[in-house]
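First up is the structure itself, then whatever we jot down about it.
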């Protein structure tokens, strides 16, 4: 036995009887028992192994390198914009998504005449109430925009699992954005897509409304418009919260209204924050129009009396109570029917 | 990112099964906890512009040597000798490194107005290369320019008229080399270094010599004193070659040595799993492995062998140096160690290894049982510096089918050696004393060597001598999954599974052995502390 040979005595495999007579002394003097290695131990352990069908386990002595990030903000969506995938998505959108959206949401589309003659690409900036918003909006876009539009989607929600990322990229042409902070990569990607001729759907609120009222707009849409010079089309979605609210588990049929506003561009010298506020105001006017009429909404806007998207700054129950009343609630009007109603449970979903 | 160095893994419960070559197949073996697995360093990055590097080496020689253009002049005799089919392994993708180097040498020779140029394959007692193999090594341009005019020849160690006796070393060793090389004004030797054993004075003193010379160092005594072949400072084989090489230099033969280093990128991407550490196998690697191994398991050995022999290695040049033999070889050897060295603490009781389908002596041929022994005991066992990986009296376990199968065209004398000699004795000294001379001078083997594609009659003896150091050192050799009759003929013990082999090994080394596995490819050199 060479001196160096004591450092790597074989240890028994699990379930193998040790040889008590050999006592202690595995790895050097301080280590455990010198034990016998038996062939049955090898066989039994090899039998339990699923490698190479399953991924290999890592030896304990080998530090794992940091995993290569390819999800979240780092997910590569370029494959979803290749022609065969676009073709498949167009077939899906026109033959599955659109009929389903019309079946469930019965969308009434207003203001799409504002888009006539508008040269793309454009940025559709919409309020956000429900997961239904994206497929509904995509399926209701005029045909010349519909199949050339990408959607900015939350990296932490739609791209946190491989299957979700693949599905979002394929079905919605989504790409990841970081909604918690300004992220250079997602900003660059969005700008590149606009410059490549892709229209962009973005929800400047950064997430679905938790209670039916709107949230303050982030500056992403305004920034991209300022950077690329592409116009922003304000969009207001009304009624989708009743189909599938945040935290809701089942779909309910209801009527919805999609209102497109006049495309706007940043004024000379207008910074992104001010422009973002202007986009928010434009969507608020559209919201007002959805519950009143165009003329009323315009006059209120002229007087500076357009109701704010965020609703009153009061206790949650009073905000719920003050939600605009819809008289076209789902089915038998159980959620509407001309009465103020408590919003359905706001869950923990995003 | 720079390549990761090699290292020694301590096997624990979480360690996945370890990949073993098994001839034309693979085995996954779960090694017992506490075993060690030696993983090779990752292949180093290749030269981005080999042509420029070659030109630089030729113009900036090492040692006491003028740049190549200064050695070339009109009217001179120039001979270019180069390594044969035994290197690299597997044969590399085109263009072969020999082609790259020789084309540049010929460019310079043409520019200098040298008319008398001949190329010689330095094959010693190896088989002659086929036209296809020569075309692969040299490229069509060189082959078509030289072969039709008889200016591309293969060294014939049995052609007395084509040999020149140089003299005897101070140890009484006869030195006899190729006449054309000896009588040239300049001999350019183009070498490929895959392991530390290759190159140096061994290139000419062995590659262009005859049986009369080779017998002085290709014998059991020399081999047993070579510890190991990969450490030229402790290798009697190299010491003898160095004595011969210096005598050749003193005789006035002007040698311009060109040595090249290759990286250890040994197999193409479809076999990427072979060079990876098992726990780093991606899904693609795992399914490649499953696909390849399942197909091979259902493929007849002959077909599987033919498939593997079509594989060309993506080896790339990592360094090239030229000039005086010893100065060049010192750099080349250091490059090899820098690339392939792995520090290993202490010896082991049991050394395991999986043997592939190929060795230097069966390119496009069968790895017969004698070559299996040579590959395991001669080559893999000797991949060390300082001390053998396995302790004296330890056990070597090799995994290989070891079929009783020979290529009669390439290895005719191997068949008789296996049938007649090994059935009598496996002792290298005994068989050297009683049988070597008869095989070396057998006219039929000489005829096949000179006119066909047969290894010399004495070659199987040399293969057995390569094993001499290991046979002397080891307590037992066990072959897992081999043909029991063939394995026993070699004097080894057959075992059907690794578990059985370990049980057998414990009879030799005791009940609680240490085990180390040599994981290859890529190739590695163990620096045993």
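Readers should treat all values here as calculations from the given coordinates under stated rules, not as data from a laboratory. None of these values were measured; they are calculated from a predicted model. Here the Cβ is made from the backbone with ideal geometry for all residues, glycine too, and neighbour counts use every protein chain on show.
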Exposure proxy check on A:83, B:189: fewest-to-most Cβ neighbours within 10 Å is A:83, B:189
Can you tell me, using C-alpha contacts under 8 Å and at least 6 residues apart, the relative contact order of chain B as a whole percent? 21 percent
Please order B:45, B:103, A:67 by the number of other Cβ within 10 Å, starting at the fewest. A:67, B:45, B:103
Linear extension gain, residue B:424 paired with residue B:93, 0.36 nm per residue minus alpha-carbon span: 114.9 nm
Would you mind checking the tilt of helix B:236-250 against the longest principal axis of the Cα atoms of chain B, expressed as 0 to 90 degrees and rounded to 10? 10 degrees
Protection proxy ranking of B:412-418, A:306-312, B:441-447 - average other beta-carbon atoms within 10 Å, highest first: B:412-418, A:306-312, B:441-447
Stretched fully, the stretch from residue B:64 through residue B:497 gains (0.36 nm per residue minus C-alpha distance, one decimal, in nm) 150.3 nm
Chain B: mean projected area of Cα convex hull, nm²: 22.7 nm²
Expressed in angstrom and rounded, the centroid-to-centroid distance over alpha carbons for region B:1-71 and region B:346-421 is 21 Å
Ignore the peptide's own chain and count Cβ atoms of other chains within 10 Å of each Cβ in B:28-41; give me the average, rounded. 5
Counting partner chain Cβ atoms within 10 Å of every residue's Cβ in B:274-286, what's the average? 3
Summarise the partner chain shielding of B:5-17 as one whole number: the mean count of Cβ atoms from other chains within 10 Å of each residue's Cβ. 5
Residue B:147 versus residue A:182: modelled label distance in nm, points set 7 Å from Cα along the beta carbon direction: 6.8 nm
Computed curve, the protein assembly as shown, Cα-only Debye sum without solvent term, log₁₀ I(q)/I(0) at 0.05 Å⁻¹, is -0.46
How do A:181, B:387, A:246, B:225 rank when sorted from fewest to most other Cβ atoms within 10 Å of their own Cβ? A:181, B:225, B:387, A:246
Between 0 and 90°, nearest 10: helix B:283-297 axis offset from chain B longest Cα axis: 90 degrees
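For region A:189-322, what does the relative contact order come out to in percent, with C-alpha contacts under 8 Å and a separation of six or more? Each step should come with its number before you reach the end.
Values: 169 pairs, mean separation 31.3, N = 134.
RCO, region A:189-322: 23 percent.
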Report the extension gain between residue B:212 and residue B:345 in nm, rounded to one decimal, defined as 0.36 nm multiplied by the number of residues separating them, less their alpha carbon distance. 43.8 nm
Give the dimensionless ratio obtained when the Cα radius of gyration of region A:72-321 is divided by 2.2 N^0.38 Å. 0.96
At a 10 angstrom cut-off on C-beta neighbours, averaged per residue, how do the peptides B:72-79, B:475-482, B:299-306 rank from highest to lowest? B:475-482, B:72-79, B:299-306
Value at 222 nm in deg cm²/dmol, rounded to 500, when DSSP H runs of n ≥ 4 in chain B each add -39,500 (n - 2.57): -9500 deg cm²/dmol
Nearest-ten-degree value, helix B:325-340 long axis tilted from longest Cα axis of chain B: 30 degrees
Residue A:119 to residue B:7: FRET efficiency via 1/(1 + (r/R0)^6), r the Cβ-Cβ distance, R0 56 Å, to the nearest 0.05? 0.40
Inter-probe distance in nm under a simple model that places probes 7 Å from Cα toward Cβ, at residue B:299 and residue B:338: 3.8 nm
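Once the Cα gyration tensor of region B:70-163 is found, what semi-axes does its equivalent ellipsoid get, as square roots of 5 times the eigenvalues, in whole Å, sorted largest first?
22, 18, 11
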Between rounded, prolate and oblate, where does region A:69-208 land on the alpha carbon gyration tensor, with a ≥ b ≥ c its root eigenvalues, rounded for a/c under 1.5, else prolate if a/b exceeds b/c? rounded
Averaging sequence separations of C-alpha pairs under 8 Å and six or more residues apart, then dividing by the length of region B:158-199, give the relative contact order as a whole percent. 27 percent
Approximate spin-label separation residue A:308-residue B:168, in nm, with each point projected 7 Å along Cα-to-Cβ: 11.1 nm
